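A quick write-up on the structure given underneath.
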Amino acid sequence: MKLYYKPGACSLAPHIVACEAGLAVDLVPVDLARKTLEDGGDFFAVNPNGYVPALDIGEGPVLTEASVVVQYLADRKPESGLMPAAGTTARYRVQQWLAFVSTELHKQFSPLFKPNTPDATKDIQRELLAKRFAFVNGALEGRTYLTGEQFTAADAYAFTVLRWANAMKLDMSAFPNIARFMAAANARPGVAQALSEEGLA
């Protein structure tokens, strides 16, 4: 398998899942600004949408969308516990968090990264993110990870996106449970491996 990624982008989530599951993936860096690969190849030829992650699984088009790619990788090693078994309530809980991270955290950060986003819009996004952070902080009360004590694919995605708060200089002091969650995830060997391999350690 080949994982097309940009260091620190949402592609870090499937990278973490692969490391946590002990899956071998070939890392292929992408210049997202130019939409090119290291060899000068056109990234649009890999993913017509031009974003990461993109996972080449050796059959058909690449898999895209972080919330789907992390599930695919986790399901390659069900014994890892990264995704509960299909049909169980536990799996739907993890999928619920994956959907929340994707739509309520990941996409709400996007305007903050764009230099042409008006300041007024950025202020609105920061206020919305603060509300979402408060929800996550509350959900983490009394537990290490989003669904309990088992680290899952949803935690990998949440950790990846929540790292962006520092890059955006957002005040996270009101969310101690998130800080505890980030520290716990950061201490995991698989997470440390992924961060190191992306030059982020």
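Bear in mind these aren't lab numbers, they're just calculated from the coordinates by the rules spelled out. This structure is a prediction, so every number in the text was calculated from the model and none was measured. Heads up, the Cβs are rebuilt from the backbone with ideal geometry, glycines too, and the neighbour counts pull from every protein chain shown.
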List the DSSP H helices in the chain whose Cα atoms stretch 18 Å or more along the helix axis and whose mean Kyte-Doolittle hydropathy is at least -0.5. 119-139
For the range 1-98, which trypsin sites (Lys or Arg not before Pro) pass both filters: DSSP loop (anything but H, G, I, E, B) and at most 13 other C-beta atoms within 10 Å? ARG34
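Taking each pair of distinct Cα atoms in the range 89-188 once, what is the resulting Kirkwood hydrodynamic radius in Å?
On the way: mean 1/r = 0.0719 Å⁻¹.
About 13.9 Å, per the Kirkwood formula over Cα pairs.
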Using +1 on the beta carbon of Lys and Arg, -1 on that of Asp and Glu, and nothing else charged, what's the dipole of the chain about the Cα centre, debye to 20? 540 debye
Report the charge-dipole magnitude of the range 83-188 in Debye, nearest 20, computed about the Cα centre from +1 at each Lys and Arg Cβ and -1 at each Asp and Glu Cβ. 160 debye
Around VAL28, which amide H atoms from residues at least 5 apart in sequence, or from another chain, sit under 5 Å from its own amide H, with H modelled in the peptide plane? LEU3, TYR4, TYR5
